[in-house]
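Here the structure comes first, spelled out in structure tokens, and everything after it is commentary.
The values are calculated or read from the model by the stated rules, or taken from the named source; none is laboratory data. Fair warning: this is a prediction, and the values are worked out from it, not measured in the lab. Heads up, the Cβs are rebuilt from the backbone with ideal geometry, glycines too, and the neighbour counts pull from every protein chain shown.
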């Protein structure tokens, strides 16, 4: 029987992290078990690189990670056979996204994005501490925004972005203006890198998320876990491996489902 190598890809806000407090304490039993089993936990989030590096320190997580909804996959030194770190970009430059948004604002579309806000305002709308909010502003390819127009105008705004080669992605708290890529592109890249490093093992992927912007990541996984949350009822997968929904919300559901899957797969 071929030996298995499990990989866990997880969203953060509302999934591994509590939607309100940003705590991961309830998921610690599963996180510790994964670490003991040497199963990588790849963080895959709308958060920026500085945000995720700070969180990875708290989690004692040294695995590769994916930033800004798939804008880049980052492989730290010591991972996947690399002596030095590597950043693989999938995004258009942020300047192109901001230029497109400015043009649409001049057409009369109403929104407020992170580039319009200082760190204090970002802290207010996210609930983050000021230092964490400052890290959230250090972006490379995506721009979160609060929509201030009608639903009809939102559809027109989305269509205009697509005509410019961009897209509008709905996350847990914000819409994200970004290039034509998503969390799954960077995920699939890393899966291939892991497979090349472990050619004699069967790679088994588990993905966890709670909102529509996690859909493609979940659809690409062998085991897709939909974590109960604010937007999880709107998350319907077109095609996927095995799909399970958590009973608990956020990190409680994360711990519940990871423990259940590990009991089955190992």
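So here's what we get for this one:
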| read-out | value |
| --- | --- |
| Residues that are without any contact (Cβ under 8 Å) to a residue 12 or more places away in the chain, in a loop (DSSP other than H, G, I, E, B) and out of contact with any helix residue (DSSP H, G or I) (no Cβ under 7 Å at 6 or more places or on another chain), drawn from region 123-163 | 150 |
| Residue match in region 44-62 (condition: touching a helix residue (DSSP H, G or I) at 6+ places or on another chain (Cβ under 6 Å), in a strand (DSSP E or B) and either under 24 Å from residue 196 (Cα atoms) or not assigned by TED's automatic domain parsing to the domain that holds residue 217 (or both)) | yes |
| Residue match in region 40-53 (condition: touching a strand residue (DSSP E or B) at 6+ places or on another chain (Cβ under 8 Å), in contact (Cβ under 8 Å) with a residue 12 or more places away in the chain, over 24 Å from residue 171 (Cα atoms) and crowded, with 16+ Cβ neighbours inside 10 Å) | yes |
| Any hit, region 233-255, residues being surrounded by fewer than 22 Cβ atoms within 10 Å (Cβ to Cβ), assigned by TED's automatic domain parsing to the domain that holds residue 66, in a helix (DSSP H, G or I) and more than 19 Å from the chain's Cα centre (by Cα) | no |
| Residue 112 out of contact with any strand residue (DSSP E or B) (no Cβ under 6 Å at 6 or more places or on another chain), without any contact (Cβ under 8 Å) to a residue 40 or more places away in the chain, outside the structural domain of residue 72 (by TED's automatic domain parsing) and over 18 Å from residue 67 (Cα atoms) | no |
| Filtered residues of region 198-228 (kept if surrounded by fewer than 17 Cβ atoms within 10 Å (Cβ to Cβ), part of a helix (DSSP H, G or I) and modelled with pLDDT under 95) | 212 |
